[in-house]
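Take a look at the structure below.
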Amino acid sequence: MPVFRADHIGSLLRPKKLREAFRSGNELKNVQDEAIREVVRLQRDCGLEVITDGEFRRISYWEKFVRLTRGLEVRDAVFTFHDADGHESKFTAPYVSGKVSRAEPITLDELGFGNTKITMPAPSTMHFYRHTDWGSAYDSADAFFKDLGKVYRAEIADLAKAGCRYVQLDEVAVAILCDPAARQKVKDPERLVDLYIDAINEAVKDRPAGMTIGVHVCRGNYKGMYLSEGGYDSVAEKFFSRTHVDHFLLEFDSPRAGGFEPLRFVPREKGVVLGLVSSKTPALEKIDLLKRRTEEAARYIDMARLAISPQCGFASTMGGNPVTEADQRAKLGLCVDAARAIWG
């Protein structure tokens, strides 16, 4: 079940001073610490109970994981971001250059500022964006994900020892595989969905008692652009029932996301965080609309198993989205106000 009625995905806009410190390398850790303390205050001032460090120690949501894991490097992706006007943007993605193993803790240094959630890229991130040439270190993707799962399990175990009780995996590949156009570009998309479900289960199978795992299913988020569109219909029954996690954080901020009907496949013991507030545009949603849409979702899943959040982070990469820090504050506060209006 969702941990909080008002959640957020994790990444937050990097302030100018932090962006400059990343570029120069000067006093980076001190600047990060200061910026994290400020963004934790922001979240608390908004009334949020879920607290992250804004992913301020990362250039992108997956960059740090790749940098600190042996056997991974970065190359060009085989997909492009795009928007409704047809503009496109290339990006880079993880590449498997050797046998993977955990060289050192990856996210442990992100705790200690009052965090209640740590985010990590889902295992599919290390495979899907270059699925036509993802590396030759392994005879099969299954063997690769077995080794990669050990990295996640060690990380989750260390996070639990340090007091973390909520981990979120950011899953983009499965969302792309909801898109009919994307399915035509890959070989055996159903096999990939199965592979990525198994990879998540391998990563979290030894999670300690009391550790909540959520999966954010994301259509891509880069300067307001996205990677895919299409509802969850083609993957819902399989993904919701077979993925061994507590809840799903799902994007429902635009018609691209489809309807709520696939929520009927979410098992009774699992919940859903409805991503109804857009992190891609500054327009502020109305509480009445959020309440009405939540009630629509409750036709397919019990209201008690729902929560609300922005559909994605505000800055999956250093570049962020076309919103201001004031917009971000307003939208985070809106999630809290909407949750109170809906659930009391």
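FYI, it's all coordinate maths here, none of it is from the lab. Please read these numbers as outputs of a predicted model, since none were measured by experiment. Methodologically, a virtual Cβ is constructed for each residue, glycine included, from the backbone with ideal geometry; neighbour enumeration extends over all protein chains shown.
Here the relative contact order of the chain, from alpha carbon pairs under 8 Å that lie six or more residues apart, stands at 21 percent. By the rule of a C-alpha distance below 19 Å, with chain neighbours fewer than 8 residues away ignored, the lysines paired with K238 are K187, K205, K270.
When each of the peptides 231-244, 279-292, 4-17 is scored by the mean number of other C-beta atoms lying within 10 Å of its residues, the order from highest to lowest reads 4-17, 231-244, 279-292.
Rounded to the nearest 20 debye, the dipole size of region 16-343 about its Cα centre is 340 debye, using +1 on the Cβ of Lys and Arg and -1 on the Cβ of Asp and Glu. Computed log10 I(q)/I(0) for region 16-343 at 0.11, 0.12, 0.13 Å⁻¹: -0.68, -0.83, -1.00, from the Debye equation with unit scatterers placed on every C-alpha and solvent omitted. With the highest mean first, a sort of the peptides 20-31, 167-178 on other beta-carbon atoms found within 10 angstrom per residue produces 167-178, 20-31.
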